[in-house]
1. Under 29 Å Cα to Cα from residue 32, which lysines show up? Leave out anything in the same chain fewer than 8 places away.
2. Counting only C-alpha contacts under 8 Å and six or more residues apart, can you give the relative contact order of region 153-232 as a whole percent?
3. Translational D (Stokes-Einstein, µm²/s) of region 135-187 at 25 °C and 0.890 mPa s when Rh comes from the Kirkwood sum over C-alpha pairs?
4. When only C-alpha pairs under 8 Å and at least 6 residues apart count, what is the relative contact order of region 139-281, in percent?
5. Based on a Kirkwood Rh over C-alpha pairs, give the Stokes-Einstein translational diffusion coefficient of region 217-265 at 20 °C and viscosity 1.002 mPa s in µm²/s.
6. Just order 208-217, 129-138 by mean Cβ neighbour count inside 10 Å, highest at the front, would you?
7. If I model region 177-264 as equal point scatterers sitting on the Cα atoms and use the Debye formula, what is log10 I(q)/I(0) at q = 0.19 Å⁻¹?
8. Lys and Arg at +1, Asp and Glu at -1: add these up for the other residues within a Cβ distance under 12 Å of residue 206 and post the number.
Amino acid sequence: MDPVRLFRYYLNYIILILLMFIIDPSISIRIKLISNAVYIASNILQTFSNLNCEECTCVALSNSAVGWNCMTINDTCQLINNYSTTDHGLMILVNAKFFSLELSSQSSAITTTTTQTTTTPSCTVIPDSNLFKKNGATAWTLYSFTYTAMTTSPTLVFGFYNGPADTNYLDDVSVVHTSAPLDQLLQNPSFENSTSTPTGWITWCQSGCGTGNHGQISVSSCYSGNCYIDHCQQPNYDFLAQSFPATIGSNYTISFRLYQVGGGAGRFYANIYNSTMLSYL
C-alpha cells in the first residue's frame, strides 16, 4: 500500500474510533451487508475512487450516510444520502457490496452482519427458464406473460447461448403493471439510451464467449432503433438482467421481442426471480 493510501486508511480508522465514543452510548450501530449487489438511489451523497470496502465504510460513517455501495472491481465507493420512493432499489452486480446502516438501542458497539450473500452465477450451467425458453431460428416475434409479484424487487433475467452460426436479437423489453400499462418500470427497456453497452442493465459472464461476441447494443437487424444482440458461443452462457419495483400480489405484464438467426444450437432463456439476488446452482 502506498504511503498516501496508508495514511488515509489510518485516518479513517481514527475517525471510526472517535465516532464510537461520540455516538450516544445507548445506541449501537448495526451495518447490514448484501453481497453481489448495489442499491440504485436517487440521492447520492458523494462518490469516491480508490477506496476499499473498509475505507468506504469509514468514510460513509463519518459523512452520516444511510447506506453505501462498494464496487470491489474498481475500488469505487458511493455514499447514499437517504432513501426515496423514486429509488430503483437493489440490482445485481457481481464484485460489489451494498451496506446499510441501522440504529438500535443496545450497548455501544459497531457490528457488521451479513443478511444475504450470493454466489457468482455460473457461466457454463444451463440456467432455469421459469418464464420462457426458445431455440432455433425465428422471425421477430412478440412474447408476453403475466407475472404476480412475490417480492418488492423481482429481477428479469435473459440468458443466451449460441453455436457458431447462431445469433439472438432482443428488443422492446417491457414490464408494466396490468392496471397502468403506460408506466414503464424498466430503465432503458428498448436499449435506445445506449451506444455499445446496455445502460440501466446488468450483464455478466461475457468474458468466456469463445470466438463469439458477448451481448452488446446493435443498430443492425433490429425490430426498431437499437436492440441487444448476442453471439456468445458454446460452452458458455452470458446474461442480461434488471430488477424492477413491484407490489406483492399485484399482476405485471412482461413482454419482449425476440429474433433468432441460425440453426438449432442457439438458445434463449427468460426468467423472473423473486429476488434481486441470483444464484445459479
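Readers should treat all values here as calculations from the given coordinates under stated rules, not as data from a laboratory. Note that the coordinates shown come from a computational prediction; the quantities given were computed from them, not determined experimentally. In this analysis, Cβ positions are derived from the backbone assuming ideal geometry, glycine residues included, and neighbour counts consider all displayed protein chains.
1. By straight Cα distance, residue 32 reaches 97.
2. Relative contact order, region 153-232: 34 percent.
3. 177 µm²/s
4. 46 percent
5. 152 µm²/s
6. In descending order of packing, they fall as 208-217, 129-138.
7. -0.98
8. Neighbourhood net charge equals -2.
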